[in-house]
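Report on one structure; see the data block that follows.
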Amino acid sequence: MTGERRLVHVELRFISEEEPSQVGERIRESVRMIVGREALEDFRVRTLPLVEKPRPRAAE
């Protein structure tokens, strides 16, 4: 299937206990295999902690 060129933006989120940089690199390589090395415009990995940091207690 051929057609006009398009910039495709894909977002995904998942919970993992693995090292984010290692998971990100595996996903990046998978995408490169699917679309080709030269076609991958941008790839970013962001992480957000799921554990809340303890809040300071007010002085009594």
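Key figures
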| read-out | value |
| --- | --- |
| Phi-based couplings in Hz for the stretch 9-17 (Karplus 6.51, -1.76, 1.60; Gly and Pro marked x) | 10, 10, 10, 8, 9, 8, 9, 8, 9 |
| Debye log10 I(q)/I(0) for the chain, one point scatterer per Cα, at q = 0.14, 0.17, 0.24, 0.26 Å⁻¹ | -0.58, -0.74, -1.12, -1.23 |
| Segment Thr47-Phe14, extension gain: residue separation times 0.36 nm, minus the distance between their alpha carbons | 10.9 nm |
| Mean ellipticity per residue at 222 nm, deg cm²/dmol - from DSSP H runs of n ≥ 4 across the chain, formula -39500 (n - 2.57) | -9000 deg cm²/dmol |
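Each value in this text was obtained by applying a stated rule to the coordinates, not by laboratory testing. As the structure is a computational prediction, the values presented were derived from the model and not from experiment.
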